[in-house]
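Below you'll find the structure, written out as structure tokens, and then a few comments.
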Amino acid sequence: MNDHSPLRSAWTESLERGQAPNAAALRAHLRAVHRDHAGFTETCARACRDAAGRTSYDWLAEVVPEGIAAQVLDLACGSGPLLKILHDRKAGLRLTGVDMCPEELALARAQLPVGAARLMQAEAQDMAQIPDGSVDAVLCHWALTLMDPVAPVLDEVRRVLAPGGRFAALVDGPMEAAPGYAGVHDLIYGHVQAELPGYGVVDLGDPRVRGADSLSDLVRAAFPDATVTVETGVVAMEGPANDVAEAAAGFFYAAFILSPARRVRMLADLAGLLAIPGTAQGRFAMPINRLLVTT
């Protein structure tokens, strides 16, 4: 996060008035975050690994079958880290990335080898450029949680998937799965709510995506004949406490709401919370769920 001025949008203005923001305000808010801080999700996600040494991108990429020239869609591809992993590790894949933010797509074009992927700007609820039944696997890294309405997204995924295709999404896991995560969440939200009390009362996206059971029910309604599983994992990062606090806070959209002075206080408190006793190091652990739909 290079510009630390507090983000204000129609979404935050609705909260300030005590109103529930609509879906258009949510999308405009997300666009504003990614416009001003393109690529920010990579910093924490690339640094956090599970017990097997995998990042959340790696775990999601495992869903793509080996040894076939599959057509793969990265939905809400952002700055392209998942596309880069797929290009480097799985030869012969035909890759497409879709994102609603031109600033993120510009980063993806700069970071990916020429011709590695077809990139297009679109919202997940309307991917008309992609033909019916043309995709073997749809992957979505930590963006399904933010989409509202989410049912049309699932309908679009079902439409573009070929028979026997796979849809996998990486979303928030249960807080209790990662030691200390609830404390990090509450600390950041406490600072944000001191400046914007309505934040968290209405959260970003559809809350059903944040629970394994409610997510499974939501997806089964869109894919009634598919096999649906939700697996829980934990990824973590360690390093100098101040650096870990900066990276961890940058993964929370709430942190972009803070004024510069409040942000400094939040980061100091967070570094203290994440500090490993007796060292200058810090540790941050994050729970993740991997949704897998096999049609």
Looking at the structure I just gave you, is Val160 within 24 Å of His34 (Cα to Cα) and in contact with a strand residue (DSSP E or B) (Cβ under 8 Å, 6 or more places away or on another chain)? no
Boolean, Arg109 is over 23 Å from Gly165 (Cβ atoms) and of a type outside the set (Gly, Ala, Ser): yes
Considering each residue of segment 185-208, count those that are of a type in the set (A, V, I, L, M, F, W, C) and assigned to a strand (DSSP E or B), and give that number. 1
Name the residue, out of Glu66, Glu62, that is more than 26 Å from Met286 (Cα to Cα), surrounded by fewer than 18 Cβ atoms within 10 Å (Cβ to Cβ) and out of contact with any helix residue (DSSP H, G or I) (no Cβ under 6 Å at 6 or more places or on another chain). Glu66
List every residue pair whose Cβ atoms lie under 9 Å apart, where the two residues are 6 or more positions apart in sequence or sit on different chains, the first residue falls within segment 223-241 and is farther than 28 Å from Arg158 by Cα, and the second residue, located anywhere, is of a type in the set (Ser, Thr, Tyr) and at pLDDT 95 or above. Val234/Tyr181; Val235/Thr55; Val235/Ser56; Ala241/Thr279
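Here is a yes/no grid of residues against (1) under 27 Å from Ala25 (Cα atoms); (2) within 20 Å of the chain's Cα centre (by Cα); (3) at pLDDT below 95; (4) not in a strand (DSSP E or B):
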| position | (1), (2), (3), (4) |
| --- | --- |
| Val219 | yes, yes, no, yes |
| Val235 | no, yes, no, no |
| Ala245 | no, yes, no, yes |
| Arg262 | yes, no, no, yes |
| Leu270 | no, no, no, yes |
| Thr279 | no, no, no, yes |
For segment 169-184, name all the residues that are in a helix (DSSP H, G or I) and either surrounded by 15 or more Cβ atoms within 10 Å (Cβ to Cβ) or in contact with a strand residue (DSSP E or B) (Cβ under 7 Å, 6 or more places away or on another chain) (or both). Met175, Ala177, Tyr181, Val184
Looking only at residues that are surrounded by fewer than 19 Cβ atoms within 10 Å (Cβ to Cβ) and touching a helix residue (DSSP H, G or I) at 6+ places or on another chain (Cβ under 8 Å) in segment 253-267, which one is farthest from His34 (Cα to Cα)? Arg265
Does Ala137 qualify as being under 24 Å from Thr55 (Cα atoms), in contact (Cβ under 8 Å) with a residue 12 or more places away in the chain, of a type in the set (Gly, Ala, Ser) and touching a Lys or Arg at 6+ places or on another chain (Cβ under 9 Å)? yes
Inside segment 184-217, can you point out the residues that are over 20 Å from the mean Cα position of the chain (by Cα), touching a residue at least 24 places away in the same chain (Cβ under 8 Å) and over 21 Å from His29 (Cβ atoms)? Leu187
I'd like to check something: does segment 11-23 contain any residue that is surrounded by fewer than 18 Cβ atoms within 10 Å (Cβ to Cβ) and either in contact with a Lys or Arg (Cβ under 8 Å, 6 or more places away or on another chain) or among the aliphatic types (A, V, I, L, M) (or both)? yes
So Arg166 fits all but one of (1) assigned to a strand (DSSP E or B); (2) closer than 24 Å to Leu267 by Cα; what number is the exception? (2)
So which pairs qualify, if the first residue must be in segment 18-29 and in contact (Cβ under 8 Å) with a residue 40 or more places away in the chain, the second must be in a helix (DSSP H, G or I) and surrounded by fewer than 18 Cβ atoms within 10 Å (Cβ to Cβ), the Cβ gap must be under 8 Å, and the two must be at least 6 apart or on different chains? Pro21/Ala10; His29/Ala10
Answer residue from segment 158-168, given it is in contact (Cβ under 8 Å) with a residue 60 or more places away in the chain and of a type in the set (Lys, Arg) and is surrounded by the fewest Cβ atoms within 10 Å (Cβ to Cβ) among those: Arg158
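The values are calculated or read from the model by the stated rules, or taken from the named source; none is laboratory data. Note that this is a predicted model, so its numbers are computed, not measured. For neighbour counting, all protein chains shown are included, and Cβ atoms are generated from backbone atoms with ideal geometry for every residue, glycine included.
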